[in-house]
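> Take a look at this one; I'll ask things after.
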Amino acid sequence: MELINRLKRMNNKEFITRLSKRCGMTPAETATNVEAFVNVVTERLKEGDQINISGFGVIETKMKKERVSVNPKTGQRFLVPPKIQPAFRPSNKLKDKFK
């Protein structure tokens, strides 16, 4: 748990800066490419497709079943409808880098 508390979150600007240096592109070009990547992934997920990025993992959608929930204040039970959510499943290659 201590390791998780020490981890820092990377914001979008920092991500774009690091990626642009690694790719030898300007931050503006990199931001455009990242935005295009996210748009393509989003479109494909909306169509029900699975995106497999070799060495990284699989991005897909999962259907969450409907369920009964309880309001903790009132105790009233209500039905939460099913919904589709994006999910990420890392590849074994990516998992092995954390051993």
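Taken together, the values in this text are just the output of simple stated rules run on the coordinates, not laboratory data. Owing to the predicted nature of the structure, the values given are computational and were not obtained by experimental measurement. Every residue, glycine among them, receives a Cβ derived from its backbone with ideal geometry; neighbour counts consider all protein chains shown.
> Could you calculate, for the chain, the ratio of the Cα radius of gyration to the Kirkwood radius, expressed as Rg to Rh?
1.10
> For the chain, state which chymotrypsin sites (Phe, Trp or Tyr not before Pro) are in a DSSP loop and have at most 14 other beta carbons lying within 10 Å of their beta carbon.
Phe56, Phe98
> Follow-up. In debye to the nearest 20, how big a dipole does the chain give about its Cα centre with +1 on each Lys and Arg Cβ and -1 on each Asp and Glu Cβ?
Using only the charged Cβ atoms, the result is roughly 560 debye.
> Given the pairs Lys8/Lys99; Lys8/Lys95; Lys62/Lys95; Lys21/Lys46, which are separated by over 24 angstrom at their Cα positions?
Lys21/Lys46
> Follow-up. Could you tell me the calculated FRET efficiency between Leu7 and Lys97, based on Cβ-Cβ distance and R0 = 22 angstrom, to the nearest 0.05?
0.90
> Next up: If I take every Cα pair under 8 Å that is 6 or more residues apart in the chain, average their sequence separation and divide by the length, what percent do I get for the relative contact order?
Reported relative contact order: 19 percent.
> For the chain, state which GluC sites (Glu not before Pro) are in a DSSP loop and have at most 16 other beta carbons lying within 10 Å of their beta carbon.
Qualifying residues, ordered by number: Glu47, Glu66.
> Grab the beta carbon distance between Ile51 and Phe78, set R0 = 35 Å, and tell me the FRET efficiency rounded to 0.05.
Using R0 = 35 Å, I get an efficiency of 0.55.
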